[in-house]
Amino acid sequence: MKIVNSSEEILSLSMGYKKLGQKIAFVPTMGFLHAGHISLIEEAKKYADIVVVSIFVNPLQFNNPEDLKTYPVDLEGDTEKCIQANVDILFLPSADTIYPQGIPNLLIQFPRLMDKLCGKTRPGHFEGVLVVVGKLFNLVQPDVAIFGKKDYQQFRIIHQFVEDLSFPIQVIGVDTIREEDGLAMSSRNVKMSDRERNAAELIPRTLKLGGKLIMEGEKNPNTLIEILSDVINSSTLLKIDYLEIVDPISFETKEDLQGDSLIAIAVFAGKVRLIDNIVVQN
Ligand code: AMP
């Protein structure tokens, strides 16, 4: 596995592969890799000859400085995991490499997709994500880019970004990988205390219940939100940031629960903010 730090080197490597007619699949991450990331790498291999993984904790997408400061890092462990997963290139840029002129004065917005869910409670987050993803796409020149549906809103917005700007990139979404008790794997999970971690198990349980009640005929989103909120609120260790049922494409609030529904949730377990979702096809 090649480890690359500079933008010039990653770009010239990518151009070289392209000239040889080799396809590049790209998995952007913020590191502290877990089985969810590895499943993205495995998916990447299905589409390309060369798999590039990046690890970059993008300061631009953190609306909470404390969250950025405490974001877990394990470069040595991550490098080993990438070697084990047969990654071809691990791109490890510094903030100066990505933002050589400092923070760019660039704002990319999809108002109707960004003013809801995480976009509402984490102002500036997706704008920061799109700047870094656009930059990484230009440096890595992927044919395919792989994202997790755990970050469903991010996946949907990046899909739209690629479509609207005609990036010649296929965007693939991968289903959420979960712990044994159902909690979505996340680099932030290690930041919870044991008690918070135990309580967090209510998050996937709530989503599952939501799916079941819709399939059993519940028609009223407000009734369902009330029922599901009560489950989360039954733990004093959890605090709902948002719990919404929306259309999975437009993110518009659903008037009734006919057709596909995205149940999306963000919950604070102590200081740790966790997100999860399910799409219910009805
Ligand atoms: P992150 O390092 O958290 O920024 O995530 C990097 C990529 O991995 C994103 O596309 C995430 O959606 C994806 N990802 C994170 N957690 C999971 C998971 N539990 N299952 C599947 N994909 C995930």
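Scanning the range 32-52 for residues that are of a type in the set (F, W, Y) and part of a helix (DSSP H, G or I) gives a single hit, Y47. Would it be correct to say that A266 is within 16 Å of the ligand (Cβ to nearest atom) and either over 28 Å from F110 (Cβ atoms) or surrounded by 15 or more Cβ atoms within 10 Å (Cβ to Cβ) (or both)? When the stated conditions are applied, A266 passes them. The residues listed here are F147, F155; of these, the one that is crowded, with 20+ Cβ neighbours inside 10 Å, under 24 Å from S261 (Cα atoms) and in contact (Cβ under 8 Å) with a residue 12 or more places away in the chain is F147.
Looking across the range 2-26 at every residue that is of a type in the set (S, T, N, Q) and assigned to a loop (DSSP other than H, G, I, E, B), the one that is farthest from D96 (Cα to Cα) is identified as Q22. Within the range 163-177, is there a residue that is out of contact with any Cys (no Cβ under 7 Å at 6 or more places or on another chain), in a helix (DSSP H, G or I) and within 11 Å of the ligand (Cβ to nearest atom)? Looking through the range 163-177, none of the residues is out of contact with any Cys (no Cβ under 7 Å at 6 or more places or on another chain), in a helix (DSSP H, G or I) and within 11 Å of the ligand (Cβ to nearest atom). In the range 244-256, which residues are assigned to a loop (DSSP other than H, G, I, E, B) and at pLDDT 95 or above? Hits for the range 244-256 are D247, P248, I249, S250, F251, E252. Listed by position, the helices (runs of 4 or more DSSP H) enclosed by the range 56-134 that each have at least 2 residues that are over 17 Å from the mean Cα position of the chain (by Cα) and among the charged types (D, E, K, R) are 65-69, 75-84. For the criterion of being away from the ligand (no atom under 11 Å from the Cβ) and either under 26 Å from V131 (Cβ atoms) or of a type in the set (V, I, T) (or both), E66 passes.
Residue count for the range 43-63 satisfying the condition of being surrounded by fewer than 16 Cβ atoms within 10 Å (Cβ to Cβ) and at pLDDT 95 or above: 3.
Summed over the range 47-63, the residues that are farther than 21 Å from Y152 by Cβ and more than 14 Å from the ligand (Cβ to nearest atom) give a count of 3.
The values are calculated or read from the model by the stated rules, or taken from the named source; none is laboratory data. Note that this is a predicted model, so its numbers are computed, not measured. No Cβ is skipped: glycine too gets one built from the backbone with ideal geometry, and neighbour counts run over all protein chains shown.
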